[in-house]
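Okay, structure first, notes after.
The values are calculated or read from the model by the stated rules, or taken from the named source; none is laboratory data. Since the model is a prediction, treat every value here as computed from it, not as a measurement. Quick reminder, even Gly has a Cβ in these numbers, built from the backbone with ideal geometry, and neighbours come from all protein chains shown.
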Amino acid sequence: MHARAYATYAKDKPLEPFIVERRAVGSRDVALDILFSGICHSDIHQARSEWGPARYPMVPGHEIVGRVTQVGAQVTRLKVGDVVGVGCMVDSCRTCRSCTGGDEQFCEQSPAWTYNSTEMDRVTPTFGGYATHVVVTEHFVVKVPDGLELSTVAPLLCAGITTYTPLKEWGCTKGTRVGVVGLGGLGHMAVKLAAAMGAEVTVLSTSAKKEADARRLGAANFALSTDRGAMKKLSRGLDLIIDAVSATHDLPGLLGLLRPRGGLVMVGAPPDALYVPAFALIGGNKRLAGSSIGNMRDTQEVLDFCGKHGMGADVEVIDAVDINRAYERMLNNDVRYRFVIDAKSF
Ligand code: NAP
Ligand code: ZN
Ligand code: ZN
C-alpha cells in the first residue's frame, strides 16, 4: 500500500513529500487511514540527529489518530471503522520480562519504535505518522474514546502518555503539589492531567506571556524560572516536578523547589548533559528520576481518562506543507501547544 508522507533525507535538510510502501496487512495487523498526526519535539531531535546519528530517509511522527480500514484474520479487539491511536511503539519482542510484565517500552530487545527504527526483524525500517496510512500490529493500537475532537487526541499518544505515566507512578492525587517545567506540548498536557487528578499545579516557565494560558489550563500558580525572587518563594514547596524542557537548563535551582523526599522526573530529553551537584540531591533526600513514554495499558488508560474528562490537547492544525515552518516555530517557542498535521493535506 502506498502512503503519501513527508520525510527528511539528512539532519540539515527540510522535510519534503515522500512515498512510503506500507506492508500488506498480516493476520495480527490493523491498517489505518491516518486522520491527524501530532508534531513532538522528539521529531525535531531525531530528524536533526540531535540524539545521535539517525536513519534516513526519516518519516517522523508518533502521535497518530486514524480510522481502521482493514484487520487481519486474528485481530480480535478492533474492527473496520474504529477510531484508534498509535504512539511511539509499533512492536516489541512480546516474550522478555518487560514485555510479559506489561512494560513494552522497556523491551529487552528494544521495541520497534514508530520511526527512526526497525521492525523486530531488525532489518525493515519503520516510517512514522506524517503520512496518509500505516499498518501496525494490533497490540500497539489503542481505542479512541467517543466525544473528543480527533485533532486534539493525537498529542495524547505521546505528550499525554509521557506525562500521565510519571504522575500516576509518583502517586499524584488531590492536593499533591506538582511543578511543571516548560509549558510546551508535554508541559501543557502535564498541567491538564495533574489538575484533573486534583493536584495543585505550579508552572515554571521561561515565558512570562504564558501565565494566562497556564492558569486557563489548570495551574494554580505560575512562576518565571528566570526570576530568582519568585523561585525563592517556592523553595521547598513542591512534592513532585515534571520537567518537560527540551534544552539545557538549571536543574539545581529546580531541585531546590522540592520538599524533603520530593522527586523531579525528567521527561524532557535535551541532547546535552545537565549539571547536578550531589548536594542538590543529598539535602532533603531529593530524588531525580526519568520516565520514558508509557506502556500500552497506560496509553489506553490516559485516552480513557481524557475521554472521561472531555479533555484533549490544545492544538494548532496545520497542513503538511507547513511542517518545516512548524519546526522553526517550535524552536522559537511559538507553539500553543501542539502542532497537529491534518493528514488530508499530504
Ligand atoms: P516543546 O513543545 O518544544 O516544549 C518545550 C518547552 O521547553 C518550551 O515550550 C519551553 O517552555 C521550554 N524550553 C525550550 N527551550 C528552553 C530553554 N532553552 N530553556 C528553558 N526552557 C526551555 O517540546 P515537547 O514536544 O513538549 O517536548 C519536550 C521534551 O520532551 C523534548 O526534549 C522531547 O524530546 C522530550 N520527550 C520525551 C519523551 C519521553 O518519553 N521522556 C516523550 C516525548 C518527548 P517555557 O516557554 O514554558 O519555558
Ligand atoms: Zn513524542
Ligand atoms: Zn520484549
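Working carefully through the options Arg329, Arg325, Arg336, find the one that is surrounded by fewer than 18 Cβ atoms within 10 Å (Cβ to Cβ), within 16 Å of the chain's Cα centre (by Cα) and within 16 Å of ligand 1 (Cβ to nearest atom).
So the residue among Arg329, Arg325, Arg336 that is surrounded by fewer than 18 Cβ atoms within 10 Å (Cβ to Cβ), within 16 Å of the chain's Cα centre (by Cα) and within 16 Å of ligand 1 (Cβ to nearest atom) is Arg336.
Pick from region 201-240 the residues that are surrounded by fewer than 19 Cβ atoms within 10 Å (Cβ to Cβ) and among the acidic types (Asp, Glu): which of them is nearest to Pro260 (Cα to Cα)?
The residue in question is Asp227.
If I ask for residues that are more than 8 Å from ligand 3 (Cβ to nearest atom) and of a type outside the set (Gly, Ala, Ser), which ones from region 107-125 would you list?
Trp113, Thr114, Tyr115, Asn116, Thr118, Glu119, Met120, Asp121, Arg122, Val123, Thr124, Pro125
In this structure, is Leu303 more than 16 Å from ligand 3 (Cβ to nearest atom) and outside any loop (DSSP other than H, G, I, E, B)?
Yes: the conditions hold for Leu303.
Does Gly128 satisfy the condition of being more than 16 Å from ligand 3 (Cβ to nearest atom), touching a Phe, Trp or Tyr at 6+ places or on another chain (Cβ under 8 Å) and either in the same structural domain as Asp319 (by TED's automatic domain parsing) or in contact (Cβ under 8 Å) with a residue 60 or more places away in the chain (or both)?
yes
List pairs: first residue in region 187-208 and more than 16 Å from Leu224 (Cα to Cα), second residue of a type in the set (Lys, Arg) and within 16 Å of ligand 2 (Cβ to nearest atom) anywhere in the structure, Cβ distance under 9 angstrom, at least six positions apart or on different chains.
The qualifying pairs are Met189/Arg338.
Only one of Ala313, Ala320 is closer than 16 Å to Ser37 by Cα, aliphatic (A, V, I, L, M) and over 19 Å from the mean Cα position of the chain (by Cα). Can you tell me which?
Numbers: Ala313 fails: over 19 Å from the mean Cα position of the chain (by Cα).
Of the residues listed, the single one that is closer than 16 Å to Ser37 by Cα, aliphatic (A, V, I, L, M) and over 19 Å from the mean Cα position of the chain (by Cα) is Ala320.
Where residues in region 266-292 are in contact (Cβ under 8 Å) with a residue 40 or more places away in the chain and touching a Gly at 6+ places or on another chain (Cβ under 7 Å), which of them is nearest to Gly85 (Cα to Cα)? Reasoning before the result, please.
Applying the first criterion (in contact (Cβ under 8 Å) with a residue 40 or more places away in the chain) to region 266-292 yields 267-269, 271, 284, 289, 291-292.
So of that shortlist, the ones also touching a Gly at 6+ places or on another chain (Cβ under 7 Å) come out as 268, 289.
On the way: Gly268: 22, Ala289: 28 Å.
In this case the residue turns out to be Gly268.
For region 36-83, enumerate the residues that are more than 16 Å from Tyr327 (Cα to Cα) and among the charged types (D, E, K, R).
Arg55, Arg67, Arg77, Lys79, Asp82
It is to be established whether one or more residues within region 94-103 are at pLDDT 95 or above, polar (S, T, N, Q) and either closer than 20 Å to Met58 by Cα or within 16 Å of ligand 2 (Cβ to nearest atom) (or both).
Among the residues of region 94-103, not one is at pLDDT 95 or above, polar (S, T, N, Q) and either closer than 20 Å to Met58 by Cα or within 16 Å of ligand 2 (Cβ to nearest atom) (or both), which makes the answer no.
Check every one of the helices (runs of 4 or more DSSP H) wholly within region 157-273 and list those with 1 or more residues that are within 16 Å of ligand 3 (Cβ to nearest atom).
On the way: elements: 159-169, 185-196, 211-217, 228-233, 251-255.
Ranges flagged: none.
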